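Remarks on the structure that follows.
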Number of protein chains: 2
Amino acid sequence: MFPLAAYASLKDVASLAQVSFQTAGKVLNGTPDVRVSTVTARRIFAAAETLHYRPNALAKSLLDGATATIGLLIADMTDAVSARVAVGVQEEAARCGFAILLASLPARDNNAADMLRILLERRVDGVILESPHLEEDHEFAEVARSVPAVVLQHVLGGRVPFIGSDDRQAGRIATEHLIENGHRLIGSITGPYRRRAVRSRLLGYEDALRVAGAVMGEDLVAEADWSAIGGAKAVRILLEREPRMTAVFVHSDEMAIGVLRELRSLGKRVPDDVAIIGCDDLPFAELLTPSLSSVRVPFVEIGRQAVTALVGQISGRAPDEETLLPVSVSVRESSTCLVPGL
Amino acid sequence: MFPLAAYASLKDVASLAQVSFQTAGKVLNGTPDVRVSTVTARRIFAAAETLHYRPNALAKSLLDGATATIGLLIADMTDAVSARVAVGVQEEAARCGFAILLASLPARDNNAADMLRILLERRVDGVILESPHLEEDHEFAEVARSVPAVVLQHVLGGRVPFIGSDDRQAGRIATEHLIENGHRLIGSITGPYRRRAVRSRLLGYEDALRVAGAVMGEDLVAEADWSAIGGAKAVRILLEREPRMTAVFVHSDEMAIGVLRELRSLGKRVPDDVAIIGCDDLPFAELLTPSLSSVRVPFVEIGRQAVTALVGQISGRAPDEETLLPVSVSVRESSTCLVPGL
DNA sequence: TTGTAGGCGTTATCAC
DNA sequence: GTGATAACGCCTACAA
C-alpha cells in the first residue's frame, strides 16, 4: 500500500548488502563473470529478498531502446469480436514475453490520435491496430507506417502488414452452403459498403451465385449498419422487393438477430420459409432459437498471428504484406430444413 | 516501419533546430519562463514536427517515479464478465489520463506471479486485480498489499480495497422476485461454495425465503461449476430431490443456459412449469428463448469505480475498505407466467 | 534569451 | 573479486 517511490532500487539492495550497486546488479542478473564470493552473493540475495527488489524495466528500456511491450489499439472492447482478438493477442504476447499496453477508442470521440500518443510516448516496440472506423483515416495510416505495426483492417495507402480473414471466401462458402440446400433466390444483408470487408464478402456472394447460375441482382442486396435493428429493417426491405426470396446471407451475427426477430414477427418460419446464415460465429449464435448457422471467423487466431507477425517485424524479419486466414461454415438450424429432401 | 531506435529524442530535435536540447525541451513543454525568441521557438517546433518527436515517457517516469499506468490483471478476457470490467477500467483510466498495462492469466498455468512481475517491473502506479481463482492464494494477497491495489474479489487476509456488487442483495432480490410471482418452493443452483460471492448470494436467497416464510432446505440447493453443463446436471438433481419445485435462482447466466436446455429436454415448460432467474444479466440473456430474467450486475461500473478508487489511492487518499454496488432485477420471460393471475 | 550541472535506475566496459 | 565511469532521455534548478 506504499507509493511507487517505495519500489526498492539496486542501490538500496547494495547498501543493505554492503556492496557497490554494480556488484549487486551483476549478482542478481547472474552475469557470466560473477566472480563474487558465495557469502557476498548470499548477502545480496537476502537483501533483495527483504526489500522485495524488482528490476526497473523502465531504466533497462531507456538503455537498450526496447520495452518488450506491444501497443494494442482496440475499437471497442465491449464488442465480442474485439474482445476475442484481444484474447489472442494477450495469449501470444505472454508466450513471447511481451506485455500489452491497451488503448481502446469508443467511437464517440475520435481520439485515435490521443490513444496512439499514449502508446507511442511509452515507447511500445510496435502496435496492433484494430479500428475499423479508421479504415479511411489518412493520419492514422501515416502513423501506422511510421512504427512497427500490424493492422487488422486495411488502411489507406496500404504498406502496413495486414492480418485478417478471407472475406471473399466467407461470402462464397456461406452462399454455396445455401445453394447446396436448394436455394436459388438468395439475398444478402451487408455491412456498410465503405468497409472493405463488406465489399469482399459481397464479391464472394456473387462468385457463388454466378458459378451456380443462380439469380443475381441489386434487389437482392441491402446495406445495413451492423446493428440488429438495421438487420431487421433490411430483411423487410428485401422481402418487399422480392417476396419469393428463400434465403439470406447476413454479414454479421448481430444483424442476424434482428433478421430472425423480424421474420418471426412477419410470420415467416426459419429455416422453412427463409433460411438464414450469419457471419462471425460468435458464441451466442448457437443459443438463438433457431440456432444460427454462421461463418466461423478465427478471431482469436487473428490476434495470435498479429503478435507473431509483429514480433517478427520488431526483430527485423520482413513481414508479409497480407495474411488471410481461412474461414468455415458452422451449420446449425437456421439454414437447414428440418425435413430433408424438401 | 523503422525500429524503436528511430524514435526521435530531444537531442535530435535540438540539433536540427540548432539549440541546446534543454532549450528545445523548455519550448516543447511550454515551460512558463520560456524567454525564447519566437523565431527560435518556431524552428524548434518545426524540427519536432519533421522528426515526429514524441516525449519519452520512460525517461520522464524514471525522474518522477510515476508512470501514469495502471496494471490490470484479468482472469480471462474471453469471459464476458471480465471483458465488461475491462471496458469500464479502460474508459475511466483514459478519462483520468492513465494507460492500461494488461495481463491476463488463463487458468491453466498458475502464472499469476509471472504476470504480476511483468506489471510491477514496468513500474505501474497501481494494480487492479480480477482473478477469482486466486481468492485463496496467500502470495497473491501479499503482493496486493505491497502495492497500491484494488481487488475485484475478496482476498485472503483482507486489507486491500475491494470493489464489487452486493451479492447478498442479488440473492435476495432474485428470490423475492420469484416469491412475488407466487412461488413457494424455490431452488438455487450455485457456483462453487468456496467462492465468497456464492456464499453471499446464498445468504440473500435464504434471507428472502425466511422473510416470506417459504420452504428452505439443503435439498433445494445444488452446487455447480459455473458451466452450462454443470447447470443442467444441477437442475436435474434438484428436480429428482424435489419434483414439486416451481422456480430456480441460478447463480450465473451461463449455467442458466444449461438449465433452460435441460428443462426443455425433460419436457418442462419455462416459465409455466418452472420459472428461472439467472445472475449477471449478460447481453445474451435477452436472446434466449424464453428470454432469461437475470440479476443485473454493473460490471462496467465496477471497472470504472475500481479506477477511481485506485487513482485516489495513488494520489494519497485513503480508500474505502469495501464498496458494494447495488444490483437490480431484469425481468424477462423466463420468470413471469405469460398468463398472469395464475 | 540560452546553456550547464546533476540525477532518476540500469547495464556495459574497463580498471584495480 | 570488486568498484568506478559513462550512457540512455528527460527535467529542475541555476548560471551566464
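Quick look at the numbers
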| quantity | calculated |
| --- | --- |
| Angle between chain B longest axis and helix B:167-180 axis [Cα atoms, degrees, rounded to 10] | 40 degrees |
| Test item: Cα-centred dipole of chain B, Lys/Arg +1 and Asp/Glu -1 on Cβ, debye | 1020 debye |
| Cut-off of 10 Å, at most 16 other beta carbons, DSSP loop: longest stretch of chain B lacking such trypsin sites (Lys or Arg not before Pro) | B:36-107 |
| Distances in nm from B:L62 to the matching label points in the other copies, shortest first (labels 7 Å along Cα to Cβ) | 0.3 |
| Peptide B:59-71 - average C-beta neighbours from other chains (10 Å radius) | 3 |
| Cα pair distances of segment B:79-169 binned at 10 Å [whole percent] | 15, 50, 33, 3 |
| Footprinting exposure proxy for A:T190, B:T40, A:T69, A:T78 (fewest neighbouring C-beta atoms within 10 Å first) | B:T40, A:T78, A:T69, A:T190 |
| Chain A: most fluctuating residue of A:N56, A:N181, A:N111 per GNM, C-alpha cutoff 10 Å | A:N56 |
| Inter-part distance where segment A:216-246 and segment A:73-108 are each reduced to a Cα centre, Å | 33 Å |
| Inter-chain Cβ neighbour average for residues B:140-153, partner chain, 10 Å | 2 |
| Cβ-based exposure ranking for B:T308, A:T289, in which fewest neighbours within 10 Å come first | A:T289, B:T308 |
| FRET E, pair A:V39, A:L325, Förster distance 45 Å, beta-carbon r, rounded to 0.05 | 0.20 |
| Unsatisfied cross-links (Cα-Cα over 23 Å) in the set A:K233/A:K268; A:K26/A:K60; A:K268/B:K233; A:K11/B:K26 | A:K268/B:K233; A:K11/B:K26 |
| Label point 7 Å beyond Cα along the C-beta direction, distances from A:E240 to other copies (nm, shortest first) | 5.6 |
| Longest to shortest principal axis, alpha-carbon extents of segment B:10-55, angstrom | 25, 20, 15 |
| Chain B: most fluctuating residue of B:L62, B:L156, B:L282 per GNM, C-alpha cutoff 10 Å | B:L62 |
| Under-5 Å amide H pairs with A:I100, H placed in peptide plane, nonlocal only | A:I70, B:L102 |
| For chain B, with +1 on Lys and Arg beta carbons and -1 on Asp and Glu, the positive-most of B:C279, B:A103, B:V221 along the dipole | B:A103 |
| Directionally averaged projected area (convex hull, Cα atoms, chain A), nm² | 22.6 nm² |
| Share of pairwise Cα separations in the protein assembly as shown, more than 38 Å, in percent | 46 percent |
| For A:85-94, mean number of other protein chain Cβ atoms within 10 Å | 5 |
| For B:T40, label point 7 Å along C-beta direction: distances to other copies, nm | 4.8 |
| Helix A:38-50 vs. chain A, principal-axis angle (Cα, 0 to 90°, nearest 10) | 50 degrees |
| Sparse-neighbourhood loop sites, GluC sites (Glu not before Pro) in segment B:237-342 - DSSP loop, at most 10 other Cβ within 10 angstrom | B:E321 |
| Helix-derived mean residue ellipticity, 222 nm - over the protein assembly as shown, DSSP H n ≥ 4, -39500 (n - 2.57), to 500 | -13500 deg cm²/dmol |
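Values quoted throughout were computed directly from the atomic coordinates according to the rules given, and no laboratory measurement underlies them. The shown structure was predicted, so the numbers you read here are calculated from the model rather than taken from an experiment. In this analysis, Cβ positions are derived from the backbone assuming ideal geometry, glycine residues included, and neighbour counts consider all displayed protein chains.
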